[in-house]
Amino acid sequence: MKLYYMPGACSLAAHIVLAWLGRPYILEKADTRSQEFLKINYLSSVPVLFTEDMGALYQNSAILRYLARLPEGEHLGPGPDPVLQYQCDNWLSFFNADLYRAFAPHFCAKKYTTDPSQKAIDAIKAAVPANVAPLLQHMDNHLASRDYYLEDQRTIVDACAFVYCLWATLVLPSGLTPYPNVARHFAQMNADSVVQQVLAVEGLEAVSA
């Protein structure tokens, strides 16, 4: 398998899960604006995962679910229980839709305005913390009585959550401090030796909550 990624982007979740699987894979840093990459994914986004059996796979949630359906990844998925399957899909949708949408203006503010002035850009970025706050609080409430998002086991959902929590530590003025349960989960993931290796490969430093 071959994963196209950008450091610290949504593709970090798939990178972590691939490393957890322990099977060989190839990494390629994507230049999402290049003509070469647009031939691979005209939507100009990562992750893209090339597989021998299905060719190119797109969309973060779908790729994570695919990896969890592989024999090596079954322990990272929700299993056959329809309730856990729903919870898995619910959280992946929450992260990759609601939380992503709340964070996105910080990273690509120019897409959200026709006013190119720095004042307009700053105003868009300034709104991000307030939009993210209730979503992080929802996560914090969920983790109040558990260590992981699904039952008592580490899954693809935890890898996905880690990415957005990493963004929170970099973007929000108070980081994850107002959300102690989210901060605890983030620290637990951050201490994982495989996660540390993945961060190093992507040129990212381990960040405290």
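Gain in length, Arg184 to Arg33, computed as 0.36 nm per residue apart minus the alpha-carbon separation, to one decimal in nm?
Additional length available on full extension: 50.7 nm.
Where both residues lie in the chain, what percent of DSSP beta bridges are antiparallel, nearest 5?
If I count the DSSP bridges inside the chain, around 65 percent turn out antiparallel.
Taking the beta-carbon count within 10 Å as an exposure proxy, list Tyr86, Tyr148 from fewest neighbours to most.
Least to most surrounded, the residues fall as Tyr86, Tyr148.
Helix-only mean residue ellipticity at 222 nm, the chain, DSSP H runs n ≥ 4 weighted -39,500 (n - 2.57), per residue, nearest 500. What is it?
Result for the chain: -15500 deg cm²/dmol, rounded to the nearest 500.
Rounded to the nearest 5, what % of DSSP beta bridges with both residues in region 1-94 are antiparallel?
If we restrict to bridges inside region 1-94, about 65 percent are antiparallel.
Mind putting a number on the dipole of the chain about its Cα centre? Charges go on the C-beta only, +1 for Lys and Arg and -1 for Asp and Glu, and I need it in Debye to the nearest 20.
600 debye
With 10 angstrom as the radius, rank Asp158, Asp122 by how many other C-beta atoms surround their C-beta, starting from the fewest.
So the ranking, lowest neighbour count to highest, is Asp122, Asp158.
For region 78-192, what number results from the quotient of the Cα radius of gyration and 2.2 N^0.38 Å?
1.16
What spacing in nm lies between the two simple spin-label points modelled at Asp89 and Val201, each 7 Å away from Cα in the Cβ direction?
If labels sit at Asp89 and Val201, their model points lie 3.0 nm apart.
Can you tell me the alpha carbon radius of gyration of region 2-75 divided by the globular rule-of-thumb value 2.2 N^0.38 Å?
1.04
Taking Cα pairs under 8 Å and at least six residues apart, what relative contact order does the chain come out at, in percent?
RCO, the chain: 21 percent.
Under 27 Å between alpha carbons, and skipping anything fewer than 8 positions from Lys29 in its own chain: which lysines qualify?
Of all the lysines, those that pass the test against Lys29 - Cα under 27 Å, at least 8 places apart if same chain - are Lys2, Lys39, Lys110, Lys111, Lys125.
On the principal axes of its Cα set, how long, how wide and how thick is the chain? Give whole Å, largest value first.
Result, largest extent first: 51, 47, 32 Å.
Taking θ = phi - 60°, what integer Hz values does the Karplus form 6.51 cos²θ - 1.76 cosθ + 1.60 yield along region 111-120, in sequence order, with x for Gly and Pro?
Values per residue, Gly and Pro as x: 6, 10, 7, 9, 9, x, 5, 5, 4, 5 Hz.
Where a number appears in this text, it was derived from the coordinates with a stated rule and is not lab data. Here the structure is a predicted model, which is why all the values come from computation and not from measurement. Neighbour counts are summed over all protein chains in view; Cβ atoms, including those assigned to glycine, are modelled from backbone coordinates with ideal geometry.
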